[in-house]
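Peer 1: Quick one: this structure, given as structure tokens, is what I'll be asking you about.
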Amino acid sequence: MGTYEGSLTGLLPMPENAPAEASAPDCAADLTALVNEYSGTLYRVAFSISRNAAEAEDMVQETFLRVLRHRDRLPEIRDARVWLIRITWNLVLDRKRRQKTRPENEDISELARVLPARELRADQVVISAQRHARVLELIDQLPGKERQALLLSALDELSNAEIASVLGVTESSVRSRLFRARRDLADKLRREGWKP
Amino acid sequence: MISSSEVGRAYDREIDATLAVLDSVQPRAGLEQRVMAHLEIAPRLAWYHRLSLAPAGRHRWMIATASGVIVLGAVTIYSTHRPPDAAPAVTHQVVPRPIPQGAAPAAVVGLNSHPFPANIARTHRHRGIHQSVRAVHPRVPLPSGTMAPLRPALSAAAH
């Protein structure tokens, strides 16, 4: 048992309705495995909406706090990845809705950091990051349902069926939302005189 | 000349490139350790700390409901245990006006303490005499012999 599993064993009180075979070390081990495996994915999900590294990390921590509170449900979860993504997605949308004004804390530097720097000079990296930031601003102007489907589609690991599960809609609805989102976004780029 | 379909595909590539950047974002090193450290201390937090960390939506409703119940209970307890109303204080006493020397005593006592004697003849001709005796405070003694008949004879006044 690793350091974190051991530290969690004595701190996790078992809920009354927990099945007899789910002992505290099992729950702690499951939770640690989830954290190690999905933290990065959840971070990207949160960042796609918040565009801020600190907020995205907060959302990841809040997600696993929720999982800790509902750890008795872990054995019932068939697809932990989609379940966790749905929790993170709802949390970050709630926080976004509570923000009255558009935050001034979007991290263009974060976008610049992940660009393939070996092909571009430093000034080209900055210009490229600004172009991507502008496209993201236009994505934010899309209708809510289309925007959410488009941002979730950015994650390679999510299929249309899984996106539908996260959003609580049908797969055909996801496809039509993606089509409209791309069409509307292309129109916006064309109106801005965007030169691809 | 670039066809519209090629322009459309070019825009699609631009959109895909931006979405790919979102998919490439990585957290700061050590995110897993920070999350586990936070989970370790979470059960030790006092309930009010956990409340402050929790999303406000559901807990805000619980706090509002609990506050309403407390206020309602306090109002109910106060209203059921309120002390009984005390006897109202006497704020106004009707004291009969003293009869001046030499003046005929008023035929009727307590007619609103009016300084002028009632115009009995006139009122008698038109409507009859309406006399009322105001109830004076029981502690104020009435002068003897001052109680007037309620209905004097009409025939005597008409003649």
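The values are calculated or read from the model by the stated rules, or taken from the named source; none is laboratory data. Values in this document were obtained by computation on a predicted structure and should not be read as measured data. With ligands, DNA and RNA removed, areas are computed over all heavy atoms of the protein, side chains included. Shrake-Rupley method; radii C 1.70, N 1.55, O 1.52, S 1.80 Å.
Peer 1: Per-residue HN-Hα couplings for region A:86-99, Karplus 6.51 cos²θ - 1.76 cosθ + 1.60 at θ = phi - 60°, whole Hz, x for Gly and Pro?
Peer 2: So the J values, rounded to whole Hz, are 5, 4, 4, 4, 5, 5, 6, 5, 4, 5, 4, 5, 6, 6.
Peer 1: A follow-up question, please. How much of B:Ile70 can a 1.4 Å solvent probe reach, expressed as accessible area in Å² and rounded to 10?
Peer 2: Estimated to the nearest 10 Å², B:Ile70 gives 120 Å².
Peer 1: Show me, for region B:21-31, the HN-Hα J-couplings you get by feeding each phi into the Karplus relation (A = 6.51, B = -1.76, C = 1.60, θ = phi - 60°), rounded to Hz, glycine and proline as x.
Peer 2: With coefficients 6.51, -1.76 and 1.60, one gets 5, 4, 6, 8, 5, 10, x, 4, 4, x, 4 Hz.
Peer 1: Which ³J(HN,Hα) values, rounded to whole Hz and listed in residue order, are derived for region A:28-44 from phi using the Karplus coefficients 6.51, -1.76 and 1.60 in 6.51 cos²θ - 1.76 cosθ + 1.60 with θ = phi - 60°, glycine and proline given as x?
Peer 2: Couplings: 5, 5, 4, 5, 4, 4, 5, 4, 5, 8, 10, 4, x, 4, 5, 4, 5 Hz.
Peer 1: Interface size between chain A and chain B, please: total buried accessible area, 1.4 Å probe, rounded to the nearest 100 Å². The partial results should precede the final answer.
Peer 2: Working: alone 11830 and 14510 Å², together 22430 Å².
Looking at A and B, the buried total is near 3900 Å².
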